[in-house]
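The next block holds one structure in the form of structure tokens; read it before the comments.
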Ligand SMILES: O=C(O)CCC(=O)C(=O)O
């Protein structure tokens, strides 16, 4: 899948792109089966809500480790995912920084406070913000079920100061309250990124985003494929985060079969 010049200009301007209904219901059914299987695994790669449900399942794109998954490994190599990522990063030599399935369970799935992904990734040692994330909705996503909110154009603010938010099961570098209020009062209104299962979203690592609690009766499953240019691989410090959140596999990812993830099931 090749982005048009117009889409590339839109990504540069707004910091994100939405691809409604990009994956068919039959394709999403395959991926959902995998999430159900992976949710029973107990390992470091599976982060839980403070109440016990699965918050995030990391490292589903490799062929080793407890959360390995042949369908998700094939998904990150599909042209529908990898080609747009290569285009916005301006490099055919890209790799997966991490994969994460945010399960946001019905009723107990908690918020993600306002942040820029590069708040964390700069601290991991990635020299520049030439990084992006590709999200696929694995079920219908509404405001009620805790959709993502994005502030259009906020990547142009550059990297903002952050503080470590420890209020949920996953520690996250987030924007301090006073700064965030100032940004919200001076920015276009946040966009609620809702859509049918199979909708995809690609966003820049400096775009400000957050999401609400899942108050609905259904889990809200999303996969996030975060990508980096090989030339921007992190210069790791003395106590780097583990491999499942900061991949050490920085071989360029090949583009493979667009239907590979269905065949791999
Ligand atoms: O899954 C969500 O609702 C938000 C996830 C997010 O913001 C992130 O992983 O950076």
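Just so you know, all these numbers are worked out from the coordinates, no wet-lab data involved. Here the structure is a predicted model, which means the values were calculated and not measured. Cβ placement follows ideal geometry from the backbone for every residue including glycine, while neighbour counts extend to all protein chains displayed.
Residue separation of residue 236 and residue 156 scaled by 0.36 nm, minus their Cα-Cα distance, works out to 26.2 nm of gained length. Per-peptide packing, taken as the mean over residues of other Cβ atoms within 10 Å, places 144-157, 2-15 in the sequence 144-157, 2-15 from highest down.
Computed over the chain, relative contact order equals 34 percent, with contacts defined as Cα pairs under 8 Å that lie 6+ residues apart.
Taking the average, over residues, of other Cβ atoms within 10 Å as the packing measure, peptides 79-92, 240-253, 108-121 rank 108-121, 79-92, 240-253 from highest down. As a proxy for reagent exposure, 100, 263 were ordered by neighbouring Cβ count within 10 angstrom, fewest first; the result is 263, 100.
Over region 58-98, what is the relative contact order in whole percent, taking alpha-carbon pairs under 8 Å and six or more residues apart? Could the numbers behind the result be given before it?
On the way: 31 pairs, mean separation 11.1, N = 41.
Computed value for region 58-98: 27 percent relative contact order.
In plain terms, the C-alpha convex hull of region 16-249 casts an average shadow of 11.8 nm² when viewed from every direction.
Of the peptides 213-225, 129-141, 165-177, the ranking by mean beta-carbon count within 10 Å, highest at the top, reads 129-141, 213-225, 165-177. Working note: 222 nm ellipticity from helices only, DSSP H runs with n ≥ 4, each -39,500 (n - 2.57), summed and divided by the residues of the chain, gives -6500 deg cm²/dmol to the nearest 500.
In what order do 226, 39, 211, 26 fall by count of nearby beta-carbon atoms within 10 Å, going from fewest to most? Numbers along the way, then the final one.
Values: 226 21, 39 16, 211 25, 26 9.
Listing 226, 39, 211, 26 from fewest to most nearby Cβ atoms yields 26, 39, 226, 211.
Taken over the C-alpha atoms, region 118-265 has Rg and Dmax values of 16.7, 49 angstrom.
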